[in-house]
Amino acid sequence: MSVKKVFALVLHGGVHLAALLPLAWLFWAIPAGELGGDPVEELIHFLGLGALRLLLLSLLISPLLKSLKIAALFKLRRPLGLWAYTWASLHFFAWLALDLVFEWGLIGEEIIQRSYILLGFCLWLILSALALTSLPRLMRAMQSKWQKLHWWIYPAAIMGCIHFWWSLKSGWLEPAVYLLITLVLIGLRQQKLLRIFAR
Amino acid sequence: MLIKSKQPLLESATTPENVYSERRAILKGLGLGGLLLAGPSRAGFFSKEASGPVPAAAKRYPLSYQKAASASPLVPTPENKILTHNNFYEFGTGKTDPFKNSQGLRLEPWTLSVEGEVAKPGTLDVWELINGAQKQGAQLQERIYRMRCVEAWSMVIPWIGIELGQILKQFEPTSKAKYLAFETLYDPQQMPGQQSRRIGGGIDYPYVEGLRMDEAMHPLTILSVGLYGKTLAPQNGAPIRLVVPWKYGFKGIKSIVKIRLVEKMPPTTWNILAAKEYGFYANVNPAVDHPRWSQGSERAITEGGLFSAKRQKTLPFNGYGDEVAGLYSAMNLKKWF
């Protein structure tokens, strides 16, 4: 095996471990009381924030690729995106199952009435579409439509930050930092975005 | 004597070690010795620097009190959940932050000043108050109350405390006393949330809360000094905090150092922060939704693990309507939420 291939494998393994280990940690942390006597809220927050971080990491890949010229990085976008979707789905599921305990009437009301939950729900729908179309076969079949669909990752990242911001009772510093990072990551793609809008 | 002559409030942060040691000797002499000197965790309790991420739990002393009538249908939430699921932004905004960051809070000595529209303003020595109330037996009572957080979760807590009205009477409120303004300790050295807006959730400290005089004098309203048979843990608002069971939890101001009786409705922390979301009265009301949470139901925090959660209907006045609805009979509760 060439050095390049080993390097690519290590990078890949690193992404999977980084996304998986915190989830495995939960199996120890929750019974051990690390998330408090009532872990529901902390757990939902932990999963949501993790999803946002993975999403931003996936956006970091292209700029890194440009400056570092390491081709192996390119292939990390897909696993990072899929892991972000997995975490977002767990976040959504934890809210459905543990907080609202599958009371569908209430769940419907909450999604419609609470703007931050509605925003989060829309975001999850967008991520679902991106995740479903990440199958290589679909990717080829969709051709240029695929690229157009996956540009939604940029609004999705911004929505994630706003969802975080609105969900807080008070304080704005932490979500503002996430939003700033998101805007910088999007700003780095200025040329590409200008091309998208020029069409 | 519970009421001492008016003297400047001792900020615990500025209490020199020798004064503090003297106090311990005095308290020992008063018969609180066993109460105060027991336990191996004293070093962690009294030193400001925590030895690890989660310091040894602050010492809680056993109390003697009048037990609640056993007929209560309410089953208390397990103690460890009451101790590790808290909102106390002075120690961080996460639910476990108060437990993790508050164990070093210096609780002794602790004074509570009562001032404003009272004939006899003064300072309460909280540990003397606790000690005295234990001796008289009947004054320190267990009250098993529902606790409904505005965030749509609830617990059942076996508080130990004294009716606020009983304490207030000793200071002889004047006819001008229409409201009470409460204040939490302000001590950024001990409370990281007061040092940093990031940790403290962007709130202006000290935390302030208020009650109307008739609410304060209601027999359900207590100043709590303990739960589950022992003195309060810092994260629950030690050594003395307000409990008003028919109101959302944020009204229950913690670690109180000042009560001021006033003529006009005082400002309250969450109302200052978001007046549309948090009213002065904050009575539990399933008919008035909060923009963030439906108030029609609540997640009851009871026994069991992660998958044992259950939701229950939220009751008007948190189930205490028979006792307190009369206080608000002339008011539009949708306007005065």
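The values are calculated or read from the model by the stated rules, or taken from the named source; none is laboratory data. Note that the coordinates shown come from a computational prediction; the quantities given were computed from them, not determined experimentally. Note: ideal-geometry Cβ built from the backbone for every residue, glycine included; neighbour counts use all protein chains shown.
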Output for Cβ contacts, cut-off 9 Å, separation at least six or different chains, first residue within 7 Å of chain B (Cβ to nearest Cβ) and at positive phi in the range A:158-175, second assigned to a helix (DSSP H, G or I) and modelled with pLDDT of 95 or more, reads A:Gly171/B:Tyr89
In this structure, is B:Gln189 at pLDDT 95 or above, surrounded by fewer than 21 Cβ atoms within 10 Å (Cβ to Cβ) and farther than 18 Å from B:Val244 by Cα? yes
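Output the residue which, of all residues in the range A:87-100 that are without any contact (Cβ under 8 Å) to a residue 12 or more places away in the chain and closer than 16 Å to A:Leu125 by Cβ, is farthest from the chain's Cα centre (by Cα).
The first filter runs over the range A:87-100 and keeps only residues without any contact (Cβ under 8 Å) to a residue 12 or more places away in the chain, leaving A:93, A:96-97, A:100.
Applying the additional criterion that residues be closer than 16 Å to A:Leu125 by Cβ yields A:93, A:96.
Details: A:Phe93: 15, A:Leu96: 18 Å.
Across the range A:87-100, the extreme among qualifying residues is A:Leu96.
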Expected single match for at pLDDT below 95 and on the phi > 0 side of the Ramachandran plot among B:Gly319, B:Gly304 is B:Gly304
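Within the range A:72-94, is there a residue that is over 29 Å from B:Gly92 (Cβ atoms), part of a helix (DSSP H, G or I) and touching a Pro at 6+ places or on another chain (Cβ under 8 Å)? Even if it seems obvious, please write down each step before you answer.
First pass over the range A:72-94, keeping only residues over 29 Å from B:Gly92 (Cβ atoms): A:72-82, A:85.
Those still in the list that are part of a helix (DSSP H, G or I) too: A:72-82, A:85.
Filter again for touching a Pro at 6+ places or on another chain (Cβ under 8 Å), leaving none.
No, that holds for no residue.
So, in the range B:87-103, of the ones that are within 14 Å of chain A (Cβ to nearest Cβ) and not in a helix (DSSP H, G or I), which residue ends up surrounded by the most Cβ atoms within 10 Å (Cβ to Cβ)?
Here is the first cut: in the range B:87-103, the ones within 14 Å of chain A (Cβ to nearest Cβ) are B:87-102.
Applying the additional criterion that residues be not in a helix (DSSP H, G or I) yields B:87-88, B:92-96, B:102.
Values: B:Asn87: 20, B:Phe88: 24, B:Gly92: 23, B:Thr93: 22, B:Gly94: 21, B:Lys95: 23, B:Thr96: 23, B:Ser102: 28.
Only one residue tops the list, namely B:Ser102.
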Looking at the range B:104-118, which of its residues are closer than 23 Å to B:Glu90 by Cα and either acidic (Asp, Glu) or part of a strand (DSSP E or B) (or both)? B:Glu108, B:Thr111, B:Leu112, B:Ser113, B:Val114
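Answer yes or no as to whether A:Ala84 is over 30 Å from B:Lys313 (Cβ atoms), out of contact with any Gly (no Cβ under 8 Å at 6 or more places or on another chain), without any contact (Cβ under 8 Å) to a residue 24 or more places away in the chain and small (Gly, Ala, Ser). First the steps, then the outcome.
Numbers: over 30 Å from B:Lys313 (Cβ atoms): yes; out of contact with any Gly (no Cβ under 8 Å at 6 or more places or on another chain): yes; without any contact (Cβ under 8 Å) to a residue 24 or more places away in the chain: no; small (Gly, Ala, Ser): yes.
Spelling it out, it is not the case that A:Ala84 is over 30 Å from B:Lys313 (Cβ atoms), out of contact with any Gly (no Cβ under 8 Å at 6 or more places or on another chain), without any contact (Cβ under 8 Å) to a residue 24 or more places away in the chain and small (Gly, Ala, Ser).
Condition check ((1) in contact (Cβ under 8 Å) with a residue 12 or more places away in the chain; (2) within 11 Å of another protein chain (Cβ to nearest Cβ); (3) on the phi > 0 side of the Ramachandran plot) across all residues:
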site	(1), (2), (3)
A:Ala19	yes, no, no
A:Trp25	no, no, no
A:Trp28	no, no, no
A:Gly33	no, yes, yes
A:Val40	yes, yes, no
A:Gly50	yes, no, no
A:Leu56	yes, no, no
Which of (1) facing chain A (nearest Cβ under 8 Å); (2) at pLDDT 90 or above does B:Tyr278 not meet, given it meets every other one? (1)
Quick one: would you say B:Gly319 is in contact with a Lys or Arg (Cβ under 9 Å, 6 or more places away or on another chain) and within 11 Å of chain A (Cβ to nearest Cβ)? no
Among the residues of the range B:291-311, is any more than 12 Å from every other protein chain (Cβ to nearest Cβ), in contact (Cβ under 8 Å) with a residue 24 or more places away in the chain and of a type in the set (A, V, I, L, M, F, W, C)? no
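Criterion first (farther than 21 Å from B:Ser113 by Cα, more than 14 Å from every other protein chain (Cβ to nearest Cβ), touching a helix residue (DSSP H, G or I) at 6+ places or on another chain (Cβ under 6 Å) and of a type in the set (A, V, I, L, M)) does B:Val244 satisfy it? Give the derivation first.
Working: farther than 21 Å from B:Ser113 by Cα: no; more than 14 Å from every other protein chain (Cβ to nearest Cβ): yes; touching a helix residue (DSSP H, G or I) at 6+ places or on another chain (Cβ under 6 Å): yes; of a type in the set (A, V, I, L, M): yes.
So B:Val244 does not fit the description; no.
Out of the helices (runs of 4 or more DSSP H) lying entirely within the range A:102-154, which hold 2 or more residues that are among the aromatic types (Phe, Trp, Tyr)? First the steps, then the outcome.
Numbers: elements: A:104-113, A:115-132, A:136-142, A:144-150.
Fully inside the range A:102-154 and qualifying: A:115-132.
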Long-range neighbours under 8 Å by Cβ, at least six apart or interchain, first residue at the interface with another protein chain (Cβ under 9 Å from one of its Cβ atoms) and free of Cβ contacts under 8 Å to residues at least 40 places away in the same chain within the range A:111-125, second charged (D, E, K, R) and outside any helix (DSSP H, G or I): A:Gln113/B:Asp289; A:Arg114/B:Arg292
Going through (1) within 14 Å of chain A (Cβ to nearest Cβ); (2) part of a loop (DSSP other than H, G, I, E, B); (3) in contact with a strand residue (DSSP E or B) (Cβ under 9 Å, 6 or more places away or on another chain) one by one, B:Lys254 fails only at (1)
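Is there a residue being among the aromatic types (Phe, Trp, Tyr), in a helix (DSSP H, G or I), surrounded by 19 or more Cβ atoms within 10 Å (Cβ to Cβ) and touching a Phe, Trp or Tyr at 6+ places or on another chain (Cβ under 9 Å) anywhere in the range B:273-280? Spell out how you get there, then give the answer.
Pass one, the range B:273-280, residues among the aromatic types (Phe, Trp, Tyr): B:278, B:280.
In the following step, the residues that additionally are in a helix (DSSP H, G or I) were identified as none.
The answer is no; no qualifying residue exists.
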Filter the range B:82-134 down to residues that are within 30 Å of B:Gly304 (Cα to Cα) and among the acidic types (Asp, Glu), then give me how many there are. 2
Unmet criterion (only one of (1) buried (at least 21 other Cβ atoms within 10 Å of the Cβ); (2) farther than 30 Å from B:Ser72 by Cβ) for B:Arg299: (2)
Determine, yes or no, whether B:Asp214 is surrounded by fewer than 23 Cβ atoms within 10 Å (Cβ to Cβ) and either assigned to a helix (DSSP H, G or I) or without any contact (Cβ under 8 Å) to a residue 40 or more places away in the chain (or both). yes
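Quick check on B:Arg311: is it touching a strand residue (DSSP E or B) at 6+ places or on another chain (Cβ under 6 Å) and crowded, with 20+ Cβ neighbours inside 10 Å?
Values: touching a strand residue (DSSP E or B) at 6+ places or on another chain (Cβ under 6 Å): yes; crowded, with 20+ Cβ neighbours inside 10 Å: no.
Criteria not met by B:Arg311.
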Criterion first (hydrophobic (A, V, I, L, M, F, W, C) and either at pLDDT below 95 or under 25 Å from A:Glu42 (Cα atoms) (or both)) does B:Trp270 satisfy it? yes
Filter result (surrounded by 16 or more Cβ atoms within 10 Å (Cβ to Cβ), over 14 Å from B:Pro239 (Cα atoms) and more than 9 Å from chain A (Cβ to nearest Cβ)) within the range B:58-86: B:Tyr65, B:Ala68, B:Pro76
